[in-house]
1. Which number in (1) surrounded by 16 or more Cβ atoms within 10 Å (Cβ to Cβ); (2) modelled with pLDDT under 95 marks the one condition that V264 misses?
2. If you go through segment 281-290, how many residues are part of a helix (DSSP H, G or I) and either open to solvent by 50 Å² or more (accessible area, probe 1.4 Å) or not hydrophobic (A, V, I, L, M, F, W, C) (or both)?
3. Among the residues of segment 140-174 satisfying the criterion of being among the β-branched types (V, I, T) and under 32 Å from the mean Cα position of the chain (by Cα), which is nearest to L209 (Cα to Cα)?
4. In segment 240-261, is there at least one residue being over 24 Å from M142 (Cα atoms), outside any helix (DSSP H, G or I) and out of contact with any Leu (no Cβ under 8 Å at 6 or more places or on another chain)?
5. Would you be able to tell me the number of residues in segment 496-515 that are open to solvent by less than 10 Å² (accessible area, probe 1.4 Å) and modelled with pLDDT under 80?
6. Step by step: first the residues of segment 291-311, then only those that are under 12 Å from A373 (Cβ atoms) and of a type in the set (A, V, I, L, M, F, W, C), then the one that is most open to solvent (accessible area, probe 1.4 Å). Which residue is that?
7. Restricting to segment 382-413, name every residue that is part of a helix (DSSP H, G or I) and farther than 17 Å from V505 by Cα.
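The values are calculated or read from the model by the stated rules, or taken from the named source; none is laboratory data. All of these numbers come straight from a predicted model, not from anything done at the bench. No Cβ is skipped: glycine too gets one built from the backbone with ideal geometry, and neighbour counts run over all protein chains shown. The protein model used for the area step is the full one, side chains on, heavy atoms only, and it has no ligands, DNA or RNA in it. Shrake-Rupley method; radii C 1.70, N 1.55, O 1.52, S 1.80 Å.
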Amino acid sequence: MDVSGGRGQPRPGNDESAEHTGPEAPAPGGTGDAPTAPSAPTPADAKDARPEGPTPDAGAPAPESGTPQDTGAAPDHGAPDRGAPAHGRDRAPEHPEPPADRPARAPAGRPEHPDHPFVHSGSGKGQAPQRPEERRRGGLLMGRPFGVPVYVAPSWFLVAILITWVFGGQIDRVLPELGAASYLVSLFFAVAFYASVLVHELAHTLAALRFKLPVRRIQLQFFGGVSEIEKEAETPGREFVLAFVGPLLSLVLAGLFYLGLLAVDPSSVPGVLLAGLMVSNLIVAAFNLLPGLPLDGGRMLRAVVWAITGKPMTGTVAAAWVGRALAVCVLIGLPLLTQSGALGSDAVDNVGMDTVLDALLAAILAAIIWTGAGNSLRMARLREHLPELRARTLTRRAVPVESDTPLSEALRRANAAGARALVVVDADGVPVSLVREAAIVGVPEHRRPWVPAGTLAQDITDGMRVSAELAGEELLDALRATPATEYLVVEETGEIYGVLSAADVERAFVKAMARPS
């Protein structure tokens, strides 16, 4: 049933509704982590899916905690919310039953349980979907240039040690008079090198901000850095520019280090440092220009294919498969090139520790490229299906109750109306709070006649009121801004449409990730 303007009268609705076969507790993943998902809500043109057969009688309460049920409760992990009470006009009647000639229907696509119109189970801690990146710690926060947090992942310290060890040995051969201080110089080189990687990532960040694309963070990791840009570029031209500016800045840095090298003695400490930074930035630029996702060159290839075909997904598929082919080439080709001496070292006829290390490095690089290409495909598929996530199709039918209404009576009304949510209204019929689904589970059946529904409700705060017209990334962004388990959904006119459960959104989110293109 829809609560219209706080009156508590059912709206006739339309003949559209999505089926809801029962929730499962998702574990957000990601950006891994995809939980198993039940069947997601179908588009709004599906037929009404109201349960057939007799409705539960007055005492039929929701099952108690621990009883296996199809539920809408969200698991214990992060999610969004929002809300503010909608203003009503008249007092909600004590028994908001639908008129005989106007049966209560679920709004278009509202999920319903096939057997129990109102069921409860799960944890009260559930929250709306949160992208996997948001669940993982970013590492050590180093600062917020341009308002974007920069983190150093723990793996960076391992790389710093490796660079210090390897480059320190080279400095010791070139400048033996330094002795143990060569490793101190090498440590400075490691920090300076990652500073240049940060400049590379800041170039991507500034371009993204210039195109009004939000950047969640920059993270310096084991093999470089990553700028986590939350949205896709709107055009292939912008995508190309966004990808190209990073390698371009690395080339500019290499040029600056070369000019600095001309002004100093190449066999001095500054000369060795400048030469190392010049070469390392050239390598970073060349490596990132390779035409395969997740590298910058792969994004540039994606932009070109997108511009030619007019389909961003086609560009992503092409660049991702080129990236996978590139991973295989790195896995096989890098050790062979190193052993043959083609990369500047002496040719090696036997298998030694250096050969094993080269093979290990190649395997790590290949795994990173292969995994990144697969992740790019999954995220592209998700973005392709995100528009299918609509607040209107995921919203549950709700009935209004006053704060002192016994829980058993509130559940009776909800079951009689085929609703799966309760909205607590004040004496004027204005919604003030939402009864938490998980809280009902904790109330034993025999105590429900003596427990007021209002004691299980969560106040409707700013952000817990969402528009029924929200869909896709706008819907997810709205929920992430205010984490909660339930939200009040309203029409543009302010009329109450129903209640949106974060668990329903999360299951639909996971379903979209799992669905093939």
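1. Answer for V264: the failing condition is (1).
2. Step one: filter segment 281-290 for residues part of a helix (DSSP H, G or I), giving 281-288.
Pick out the ones that are also either open to solvent by 50 Å² or more (accessible area, probe 1.4 Å) or not hydrophobic (A, V, I, L, M, F, W, C) (or both) and you get 281-283, 286-288.
Matching residues across segment 281-290 total 6.
3. Going through segment 140-174, the residues among the β-branched types (V, I, T) turn out to be 148, 150, 152, 159, 161, 163-164, 166, 171, 174.
With under 32 Å from the mean Cα position of the chain (by Cα) added as a condition, the list becomes 148, 150, 152, 159.
Numbers: V148: 10, V150: 15, V152: 21, V159: 30 Å.
Residue satisfying both the conditions and the ranking: V148.
4. No: zero hits.
5. The qualifying residues number 1.
6. The qualifying residue most open to solvent (accessible area, probe 1.4 Å) is L301.
7. Here is the first cut: in segment 382-413, the ones part of a helix (DSSP H, G or I) are 382-388, 391-394, 407-413.
Listed by number, the residues that qualify are L407, S408, E409, A410, L411, R412, R413.
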